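Asker: There's a structure below that I have some questions on.
The values are calculated or read from the model by the stated rules, or taken from the named source; none is laboratory data. Source: prediction; values computed, not measured. Because the Cβ atoms are built from the backbone with ideal geometry, glycine has one as well, and the counts that use them run over all protein chains shown. Accessible surface is based on the protein model in full, side chains and every heavy atom, while ligands, DNA and RNA are left aside. Shrake-Rupley method; radii C 1.70, N 1.55, O 1.52, S 1.80 Å.
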Amino acid sequence: MTSRFANYLVVSVYALLTLLSALLLFEVQPIISKCILPWFGGSPAVWTTSMVFFQTLLFGGYAYAHLSEKLLPRWAQALVHVCLLLGAALTLPIAPDANWKLEAGSTPTWHILALLAVSVGLPYFVLSSTGPLVQAWYSRFATGRSPYRLYALSNIGSLAALLGYPFFVEPRYALGQQTGIWSTGFVAFAALGSLAAILATRGSAGRTQERAANQHAAQLPGWRTKMAWISLPALASMMLLATTNHVCQDVAVMPFLWVAPLSIYLLSFIITFDHPRWYQQRWYAVAALVSLGLVIAVDKLITGGHNVAFTFTQELTLHFAALFFLCMLCHGELFRLRPDARHLTAFYLMISAGGALGGMFVSLAAPVLFSTFVEWRLGIVLGCLLAVWVLFENQPQSFVHRRFALLAPAFLLLLAGLQALPQFNATREHELFTNARNFYGVISVLERERENPEQHVFNFYSGRIVHGVQFAAADKRRQPTAYFGPHTGVGRAFRAREDQPHLRVGVVGLGIGTLAAYATPGSYFRFYELNEHVLEFARDYFTYLADCQGDTEIVLGDARVSLERESPQCFDLLVLDAFSGDAVPTHLLTKEAWEAYGKHLAPGATIAVNISNRYLDLSPVVAGLAEHFGYRLSRFTTESNPAAGLFAADWIVVETAAAPETLTSAVEDSGTPRTSVLWTDDYSNLFELLK
């Protein structure tokens with residue numbers, strides 16, 4: 001009884017350690033990503049780049065677990081692991097230093113990787129090694145029981161941490177509190193991990209018995225199986241990040257979408273590694289093949305300019321279903337090819353290597369090799385090939401199967417042909433002019449209505465979202481369009497100061513330079529732009545900057561970082577136009593950010609904030625800032641006018657002193673926010689602003 005209780009206690013320690021390490025492992029990812037997100041313009045690529053770092057370090061942790069299990073005696077393994085736990089605890093807290101903020105001209109990807117290595121490298125390395133180590137230790141005490149269920153348990157902990165962050169942690173705790181709570185949890189993990197390492201020096205069998213048992217253990221599988229251990233997780237990881245990029249920048253540009261793909265990815269691990277009965281090989285192969293084919297068909301209908309009635313919710317559901325079935329297929333096959341428990345550290349090492357390779361391809365190689373999200377389409381084709389291979393593996397060569405096998409290559413050829421088409425089909429209504437891709441996403445210029453001189457325009461796209469419009473006709477190309485028409489809030493702000501000589505204007509977010517249309521002789525416009533490709537497009541394919549009647553200057557880099565380092569600019573009008581499409585840069589709407597803006601404002605200056613956003617209502621945040629600083633605000637909403645190239649726009653105009661009459665006259669109809677919330681660099685919560 002005592003021995004049974006001791007073994008039960010040891011197994012409980014291992015189970016608790018597995019769960020706690022998984023919670024900390026996946027809780028640190030959103031915490032550290034949120035810490036550094038403002039320093040890199042709020043781009044979704046910050047998350048995918050961070051994922052590459054974590055996947056690569058996961059491989060390092062698994063390599064350490066494999067080598068220590070194979071090469072070190074038990075007492076030495078325990079000593080090394082306890083020392084690593086102690087060293088990692090001494091690096092706390094994990095909050096990165098502000099000196100890591102991105103310098104203009106620096107490469108964001110490598111900057112992020114270096115930052116993460118210094119800030120959270122050692123704690124994450126130790127956490128990542130816990131899963132395979134604990135499963136190896138568990139197999140010593142629970143002879144005959146599968147250690148792979150602990151892997152399912154770790155993924156349950158990972159999923160709980162991932163979903164708990166946006167819904168529980170982020171709304172309740174500031175960043176400083178989050179890092180403090182996580183550090184406390186890591187200290188508890190280090191103590192429990194040290195205990196587990198010491199317990200692992202004891203075993204149900206001595207070293208002599210262990211060596212004898214190893215002589216009869218299953219041989220390590222051949223190279224084909226090893227290649228599958230790498231290629232299957234590589235495809236799943238590739239599709240995870242490629243789908244995240246695609247849905248976050250092309251389908252619905254809204255926050256929290258990175259949570260759903262990763263949750264689906266983890267869920268497939270939980271299901272497949274819990275028990276063999278959950279993975280029905282043939283059923284998931286058919287489901288993957290059908291769902292991936294539907295994704296391609298729908299994507300081509302939408303990007304081809306066809307009038308299809310798909311909401312973004314329906315499209316997201318289809319994308320996530322395809323990702324789920326493909327991940328189930330990859331991870332189900334992976335579990336089916338699992339080795340004897342003696343080789344589980346090698347098994348996990350190769351899984352992590354595949355995951356890291358897939359992530360590196362999407363985040364490091366693809367932006368250099370491709371001008372659009374080609375890796376997403378490539379992953380779909382590879383997924384279809386895998387589904388066909390699984391579907392016909394070991395099937396009887398009956399007449400029906402042979403006939404169906406002939407249709408599968410034809411389907412794949414059709415699929416590959418569809419993938420070879422341009423992202424936007426050339427039609428009379430719109431024709432691809434050019435596109436480019438970098439860390440911040442894919443941008444494109446489309447020409448529309450070439451045969452109709454009155455409506456002949458060039459549109460500037462970020463993903464599928466239109467961010468700028470300019471008419472081609474010489475008599476119309478100087479008209480302010482999109483969100484910046486004369487009757488919008490920013491148009492009223494310019495009209496209120498049209499008689500002011502030597503007007504100085506700061507603009508956060510260049511776009512195609514539309515606001516330069518409001519410039520008058522003697523005025524000065526200073527644009528702040530994060531993406532160098534946007535600047536190239538604004539100069540090469542649009543004429544607002546070239547036609548500007550005043551002086552213009554472009555500052556590349558994060559606007560807030562640039563403003564914090566510049567001498568006072570004495571802006572009469574500061575325009576914040578960075579919240580209408582891509583992931584919202586929350587660091588531009590915090591108390592500390594507006595304190596930085598304050599030193600650049602002339603007496604009586606105006607701040608115009610474009611809060612036009614399909615998914616978020618940012619008005620409470622701007623209202624909270626105005627209330628905190630004692631400013632007066634007005635809100636202006638205008639309807640779209642396609643004939644004039646105008647979008648529906650929502651602006652809040654903030655007056656730091658007495659408001660001009662042209663603004664105060666509309667306050668009664670402005671829809672001024674009734675609630676307010678104050679964001680700081682330590683606390684912001686987009687979830688509460690969802691429409």
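Asker: Just to be sure before I move on: is Glu447 in a loop (DSSP other than H, G, I, E, B) and more than 13 Å from Ala649 (Cβ to Cβ) in the structure I sent?
Answerer: Against the criterion (in a loop (DSSP other than H, G, I, E, B) and more than 13 Å from Ala649 (Cβ to Cβ)), Glu447 does not qualify.
Asker: Considering only the stretch 532-543, I want to know if a residue exists there that is of a type in the set (Phe, Trp, Tyr) and within 24 Å of Arg497 (Cβ to Cβ).
Answerer: no
Asker: State the number of residues belonging to the stretch 331-350 that are in a helix (DSSP H, G or I) and either under 22 Å from the mean Cα position of the chain (by Cα) or at pLDDT below 85 (or both).
Answerer: Within the stretch 331-350, residues that are in a helix (DSSP H, G or I) and either under 22 Å from the mean Cα position of the chain (by Cα) or at pLDDT below 85 (or both) number 7.
Asker: Among the residues of the stretch 58-81, write down those that are part of a helix (DSSP H, G or I) and more than 26 Å from Ser237 (Cα to Cα).
Answerer: Hits for the stretch 58-81 are Ser68, Glu69, Lys70, Leu71, Arg74, Trp75, Ala76, Gln77, Ala78, Leu79, Val80, His81.
Asker: Quick one: how many residues across the stretch 614-644 are free of Cβ contacts under 8 Å to residues at least 60 places away in the same chain, outside any helix (DSSP H, G or I) and open to solvent by less than 30 Å² (accessible area, probe 1.4 Å)?
Answerer: Here the count works out to 1.
Asker: Within the stretch 271-284, does at least one residue satisfy the condition of being part of a helix (DSSP H, G or I), at pLDDT below 75 and among the hydrophobic types (A, V, I, L, M, F, W, C)?
Answerer: Scanning the stretch 271-284 turns up no residue that is part of a helix (DSSP H, G or I), at pLDDT below 75 and among the hydrophobic types (A, V, I, L, M, F, W, C).
Asker: For residues that are over 29 Å from Pro453 (Cα atoms) and without any contact (Cβ under 8 Å) to a residue 24 or more places away in the chain, tally how many sit in the stretch 469-506.
Answerer: Number satisfying all stated conditions: 4.
Asker: Quick one: count up the residues across the stretch 440-477 that are more than 22 Å from Phe373 (Cα to Cα), open to solvent by 30 Å² or more (accessible area, probe 1.4 Å) and either out of contact with any strand residue (DSSP E or B) (no Cβ under 9 Å at 6 or more places or on another chain) or aliphatic (A, V, I, L, M) (or both).
Answerer: So the count comes out to 6.
Asker: Next question. Among the residues of the stretch 347-388, how many are buried (at least 24 other Cβ atoms within 10 Å of the Cβ) and among the hydroxyl-bearing types (Ser, Thr, Tyr)?
Answerer: Residues flagged as buried (at least 24 other Cβ atoms within 10 Å of the Cβ) and among the hydroxyl-bearing types (Ser, Thr, Tyr) within the stretch 347-388 amount to 3.
Asker: Kindly indicate the residue of the stretch 586-604 that is part of a strand (DSSP E or B) and without any contact (Cβ under 8 Å) to a residue 60 or more places away in the chain and also most open to solvent (accessible area, probe 1.4 Å) among those meeting that condition.
Answerer: The selected residue is Pro603.
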